[in-house]
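The values are calculated or read from the model by the stated rules, or taken from the named source; none is laboratory data. Predicted, not measured: the structure shown is a model, and the values here were computed from it. We place every Cβ from the backbone using ideal geometry, glycine too, and count neighbours over all the protein chains shown.
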2 protein chains.
Amino acid sequence: MGNSIQIRPIGFVINDRKTPEDYCWGEVVSEIKLVDLFSVECLDGIENFSHLEIIFHFHLLKDEDVVFDLRHPRNNKQYPLTGIFAQRGRARPNKLGATIVELVKREGRSLFVKGLDAIDGTPVVDIKPVMKEFLPRDAVKQPEWSTDLMKNYWK
Amino acid sequence: MGNSIQIRPIGFVINDRKTPEDYCWGEVVSEIKLVDLFSVECLDGIENFSHLEIIFHFHLLKDEDVVFDLRHPRNNKQYPLTGIFAQRGRARPNKLGATIVELVKREGRSLFVKGLDAIDGTPVVDIKPVMKEFLPRDAVKQPEWSTDLMKNYWK
């Protein structure tokens, strides 16, 4: 890959999910607590948004488990062999996750969010407000395997 | 911030936008060319998705220009003073951008995408397929300033 880029956690996830799982994330409420470097002001106005996008680091993933070419999504052979950038699984180069969550409330330097699919202790590297203008402007098409795979992900 | 995390460019943006601008990104077609490390297989099946999310690095942003607390969005005093994590501007800790684009075509290790708001030469650090299930499941609410700011962003 190209020259290395250094990023740092801006905060950490606190919730009751201790291991990665592939279902029932929808009702999980997580606290995202910013690290001490940040003043409360960096979240000012965030409560005017209903949704946030959280970018985080799959910190438990070992380097030797990263997939650089293709695999069956969720290692399920019923799904077609698919390139790692054509799926959202954890085992990806740079180990970054990105998930849109619902903002429940803000308390000082903590955000409480619903539907973040990241386990307790996960480093967060960015928080962005969701604006309608950044969502797809046309209908989204996706293959059948991805719809099947997402069946019990949130519920 | 916490312990540093190393990430690396998986590819680079090629387009005719040489300077950051805040308007007319919608029709820009960009090539994302993967670095040599990757085989073509890492994109296999991506053409079955209509939209992708591109995570990239605002590489031209100087460290001293990063905002850690608050500023007026786009430095426009008509917009309220707002925390850096309650806006999507470039001058943010970790300098990461995340944008949903339309996939136009794939050619070998290159993707051609429409609506990527990143200038020529931008390092890309992840590519994720957009699945409906990862979009907001309820109506999105956002403050008026953000709607105003986005007025000419795509057109």
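Before moving on, here are some points about what is shown:
- Residue in segment A:37-51 that is at pLDDT below 95 and surrounded by fewer than 17 Cβ atoms within 10 Å (Cβ to Cβ) present: yes
- Qualifying positions in segment B:121-137 - more than 7 Å from chain A (Cβ to nearest Cβ) and either at pLDDT below 95 or assigned to a loop (DSSP other than H, G, I, E, B) (or both): B:121, B:122, B:137
- Condition check for residue B:128: more than 16 Å from residue B:65 (Cα to Cα), among the basic types (Lys, Arg) and free of Cβ contacts under 8 Å to residues at least 12 places away in the same chain: no
- Close pairs from segment A:55-68: first exposed (fewer than 13 other Cβ atoms within 10 Å of the Cβ), partner part of a loop (DSSP other than H, G, I, E, B) and hydrophobic (A, V, I, L, M, F, W, C), Cβ under 9 Å, at least 6 apart: A:65/A:91
- Residue A:40 facing chain B (nearest Cβ under 7 Å), under 24 Å from residue B:70 (Cβ atoms) and in contact with a Gly (Cβ under 8 Å, 6 or more places away or on another chain): no
- Residue check for residue B:140: surrounded by fewer than 21 Cβ atoms within 10 Å (Cβ to Cβ) and either more than 12 Å from the chain's Cα centre (by Cα) or among the aromatic types (Phe, Trp, Tyr) (or both): yes
- Criterion violated by residue A:148 - all others in (1) in contact with a strand residue (DSSP E or B) (Cβ under 6 Å, 6 or more places away or on another chain); (2) surrounded by fewer than 17 Cβ atoms within 10 Å (Cβ to Cβ) satisfied: (1)
- If only residues of segment A:103-119 that are of a type in the set (Gly, Ala, Ser) and more than 13 Å from residue A:16 (Cα to Cα) are counted, the one that is modelled with the lowest pLDDT is A:108.
- Inclusion of residue B:56 among residues that are within 11 Å of another protein chain (Cβ to nearest Cβ), at pLDDT 95 or above and assigned to a strand (DSSP E or B) is warranted.
- Residues of segment B:91-130 that are charged (D, E, K, R) and closer than 21 Å to residue A:138 by Cβ: B:102, B:105, B:106, B:114, B:117, B:128.
- If you go through segment A:18-36 and keep only what is in contact (Cβ under 8 Å) with a residue 24 or more places away in the chain and over 18 Å from the mean Cα position of the chain (by Cα), you end up with just A:35.
- Failed item in (1) crowded, with 16+ Cβ neighbours inside 10 Å; (2) assigned to a loop (DSSP other than H, G, I, E, B); (3) of a type in the set (Phe, Trp, Tyr); (4) more than 7 Å from chain A (Cβ to nearest Cβ), with residue B:23 passing the rest: (1)
- All of (1) at the interface with chain B (Cβ under 7 Å from one of its Cβ atoms); (2) in contact with a Lys or Arg (Cβ under 8 Å, 6 or more places away or on another chain); (3) within 29 Å of residue B:145 (Cβ to Cβ); (4) touching a residue at least 24 places away in the same chain (Cβ under 8 Å) hold for residue A:82 with one exception: (3).
- Scanning segment A:103-120 for residues that are part of a loop (DSSP other than H, G, I, E, B) and more than 11 Å from chain B (Cβ to nearest Cβ) yields A:108, A:116, A:118, A:119, A:120.
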